[in-house]
Amino acid sequence: MFDKNQIRNEEARKEADDLVCTLELKTQEIHDMLPLDSEGEAKKEDVMSIAMPAVAELFDSALVEYTEFNLVQLVDLMDTDSSGKVSAGEFQRAIMTYAAGVKPLSIQEVHYNTYVCLQRMEALQG
């Protein structure tokens, strides 16, 4: 019985690792298909209109539960530096975190608000 549970756990871990690898690759591909500026960042509007339909398909294929509302929120929270643009790192981190089960975006909201506070503190200091 213990061996069967251990085998099941190992299989689940392998599936999760495979999913992470697939998501990392696909999120980079999705971000790369966006119109990017000279710094490799995309406008939030482009992320919403071009990338998020592809993300929805990716989530469907990976059996990640989502709602349209969650996808809109996700785009708003991706822009952690409030630049109006989304870097590949911001995009990938948001998608991967959501796919890993951080719902309904509470942790990402905390991350976003913490970053905004940090930016304001740095502006006050110097």
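The values are calculated or read from the model by the stated rules, or taken from the named source; none is laboratory data. Remember, it's a predicted structure, so these values are computed and weren't measured experimentally. Every residue, glycine among them, receives a Cβ derived from its backbone with ideal geometry; neighbour counts consider all protein chains shown. Keep in mind that these areas ignore ligands, DNA and RNA; they rest on the heavy atoms of the full protein, side chains included. Shrake-Rupley method; radii C 1.70, N 1.55, O 1.52, S 1.80 Å.
Structure notes:
- Surface accessible to a 1.4 Å probe, per residue, for the residues of the chain, Å²: 64
- A 1.4 Å probe, protein heavy atoms only, puts the accessible area of Val55 near 0 Å².
- Dipole magnitude of the chain, debye to nearest 20 (Cβ charges: Lys/Arg +1, Asp/Glu -1, about Cα centre): 360
- Long-range lysine pairs (8 or more apart or interchain), the stretch 1-72, Cα under 26 Å: 4
- Rounded if a/c under 1.5, otherwise prolate or oblate - the stretch 46-126, Cα gyration tensor axes: prolate
- Selected from Leu77, Leu63, Leu34 as most flexible by GNM, with the chain as the system and alpha-carbon contacts under 10 Å: Leu63
- Within the chain, helices built from complete DSSP H runs that reach 18 Å or longer along their own axis (Cα positions) and carry a mean Kyte-Doolittle hydropathy of -1.0 or higher are 106-125.
- Annotation: extensible slack from Gln28 through Glu15 equals 2.7 nm (criterion: 0.36 nm per residue apart, minus Cα-Cα distance).
- Local net charge near Asp79, Cβ-Cβ under 9 Å (Lys/Arg +1, Asp/Glu -1): -1
- Net length gained if the chain between Gln125 and Asp37 were fully extended (0.36 nm per residue, minus Cα distance): 28.7 nm
- Karplus-derived 3J(HN,Hα) values for the stretch 40-49, using 6.51 cos²θ - 1.76 cosθ + 1.60 with θ = phi - 60°, are x, 10, 10, 5, 4, 4, 5, 4, 5, 7 Hz; glycine and proline are entered as x.
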